[in-house]
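The values are calculated or read from the model by the stated rules, or taken from the named source; none is laboratory data. If you're wondering where the values come from, they're calculated on a predicted model, not measured in any experiment. Counting neighbours? That spans all protein chains shown, and the Cβs are built from the backbone with ideal geometry, glycine included. We work out accessible area using only protein heavy atoms, side chains counted, and drop any ligands, DNA or RNA first. Shrake-Rupley method; radii C 1.70, N 1.55, O 1.52, S 1.80 Å.
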Amino acid sequence: MTDISRKKVVLGVTGGVAAYKAAELVRRLGEANIEVHVVMTQAACGFITPATMQALSGNPVYTDMWDARIANSMAHIELSRDKAAIVIAPATADFMAKLVHGLADDLLSTLCLARDCPLLVAPAMNRQMWEHPATQRNVKKLAEDGVTILGPASGDQACGEIGQGRMLEAQDIADAVAAFLAPKSLSGVRVLMTAGPTFEAIDAVRGITNRSSGKMGYAIARAAIGAGAKVTLVSGPTSQQLPVGATVTPVQSAAEMFDAVKRNAKNADIFIGVAAVADYRVDKPREHKIKKTEKTALTLKLVPNPDILAWVAAQPKPPFTVGFAAESQHLETYADEKRRRKKVQLIVANLAQAAIGADDNEVMLLDDSGTRKLMRAPKEMVAKDIVAHIATLYHSAKKRR
Ligand code: CTP
């Protein structure tokens, strides 16, 4: 399996109530294969303890400039030296103001001033503090200084108000940090993809669907965004969190999915069909709920749905086209037959029973150069490997044109 090199970051936690979300952020960053070293301000320690952050990150937590664990009292320099980035989450209004002015009166602010790596901040504060001209000036200045601002989101606030200023969810911050750190193998490349199941109505309340959680497709969307791609995601109904940075078109049926793909296909460099599209739909779905009649059997007439992937691959100037094959047996043989029949450059094959609903997946990549197997791993990691493979094939196919 392609090795995804483990990156290290400093997670700086400042004193806001959103500090509780920093604990989950440590977990989510770990899942994204990012090693976390936590530095907390004194105020942050009033909201969450260093012991919690130490237990979750598995690394010592630093709060003090004069920490004797680092030689020569150089914590403010040493701690960021081998790090890919410093991420401040939550970043209070006060801490952002300090960053703007280059103040360095505690370990975290000094670390930010003495850093030689990128800085990302996730603001978290009350709505009025966020909207205050001073904060807005500071955010603008930080962005001008090359600092990446993540969020904030709007919604319910700890103070009882509703509005802009609450910190992004931990998963969104972790995704954004992972995307920031990922190699940009698809920089500026336009990726159109489908994900999730489709839902084919029988009547007003019933339908036919496929067992697909959308996890793999959404993980690929995130990995592609991380690799610098501009992602348009046509998604069937799922309960997955929307990937930050993707343009998402939600659909229900295969026909709607097909329409959305047709609208976007011309502008795509790469198409990835991850969706578990229903092969059939009900001929004439009823507008109203079908009432039960106990004595007669109910017969539904099913008609075939268009094959979206095959349609994309058959276009006069098709994008680089990637399909998925979910098989329950004879994986390699069936998947390769599918690749040839649908005329796609790459098929990602998996055993349906091993993948559906699971957090892990084990896939096989089949293209003109042969078959390679990826080890069983969390879908996020598998997705990164798939995207890396797509990027390699896409760039070499482009060179040959
Ligand atoms: N696919 C599609 N449109 C369809 C059916 C499938 O775009 N109507 C795409 C899927 O998104 C996937 C690939 O085709 O990328 C293979 O899907 P799969 O369900 O495994 O194959 P089928 O073509 O449906 O063949 P079979 O059901 O016979 O295995």
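List of remarks:
- Among the residues listed as GLY165, GLY151, the single one being part of a loop (DSSP other than H, G, I, E, B), among the small types (Gly, Ala, Ser) and in contact with a Pro (Cβ under 8 Å, 6 or more places away or on another chain): GLY151
- Test: residue in the stretch 275-283 that is under 35 Å from the mean Cα position of the chain (by Cα), without any contact (Cβ under 8 Å) to a residue 12 or more places away in the chain and in the same structural domain as ILE390 (by TED's automatic domain parsing): no
- Residues in the stretch 40-68 that are among the aromatic types (Phe, Trp, Tyr) and open to solvent by less than 60 Å² (accessible area, probe 1.4 Å): TYR62 alone.
- Residue within the stretch 185-193 that is more than 20 Å from ALA388 (Cα to Cα) and either open to solvent by 30 Å² or more (accessible area, probe 1.4 Å) or modelled with pLDDT under 95 (or both) present: no
- Here THR135, THR209 are screened, and the one residue that is out of contact with any Ser or Thr (no Cβ under 6 Å at 6 or more places or on another chain), among the hydroxyl-bearing types (Ser, Thr, Tyr) and either under 18 Å from GLN241 (Cα atoms) or within 16 Å of the ligand (Cβ to nearest atom) (or both) is THR209.
- Flag for SER80 being among the hydroxyl-bearing types (Ser, Thr, Tyr) and either in contact with a Gly (Cβ under 9 Å, 6 or more places away or on another chain) or modelled with pLDDT of 95 or more (or both): no
- Residue check, ALA246 at pLDDT below 95, within 23 Å of THR321 (Cα to Cα) and open to solvent by less than 20 Å² (accessible area, probe 1.4 Å): no
- Failed condition for ILE225, given (1) crowded, with 22+ Cβ neighbours inside 10 Å; (2) at pLDDT 95 or above; (3) under 13 Å from the mean Cα position of the chain (by Cα): (2)
- On inspection, CYS117 passes the criterion of being open to solvent by less than 50 Å² (accessible area, probe 1.4 Å), touching a Lys or Arg at 6+ places or on another chain (Cβ under 6 Å) and under 23 Å from LYS83 (Cβ atoms).
- Count - residues of the stretch 301-325 that are more than 12 Å from the ligand (Cβ to nearest atom), assigned to a loop (DSSP other than H, G, I, E, B) and surrounded by 13 or more Cβ atoms within 10 Å (Cβ to Cβ): 3
- Considering only residues in the stretch 240-299 that are more than 21 Å from ILE356 (Cα to Cα) and assigned to a strand (DSSP E or B), the one that is farthest from the ligand (Cβ to nearest atom) turns out to be THR247.
- Scanning the stretch 80-98 for residues that are open to solvent by 10 Å² or more (accessible area, probe 1.4 Å), in contact (Cβ under 8 Å) with a residue 40 or more places away in the chain and in contact with a helix residue (DSSP H, G or I) (Cβ under 6 Å, 6 or more places away or on another chain) returns ALA84, ALA93, ALA97.
- Of the residues in the stretch 326-340, at least one is hydrophobic (A, V, I, L, M, F, W, C), near the ligand (Cβ under 9 Å from one of its atoms) and at pLDDT below 95.
- Residue that is nearest to the chain's Cα centre (by Cα) [pool: residues in the stretch 341-389 that are within 13 Å of the ligand (Cβ to nearest atom) and β-branched (Val, Ile, Thr)]: ILE386
- Identity of the residue in the stretch 56-74, of a type in the set (Gly, Ala, Ser) and either touching a helix residue (DSSP H, G or I) at 6+ places or on another chain (Cβ under 9 Å) or in a loop (DSSP other than H, G, I, E, B) (or both), that ends up nearest to TYR20 (Cα to Cα): SER57
- Tabulated pairs, the stretch 107-129, first over 21 Å from ALA174 (Cα atoms), second of a type in the set (D, E, K, R) and not in a loop (DSSP other than H, G, I, E, B), C-beta under 7 angstrom, 6+ apart or interchain: SER109/LYS98
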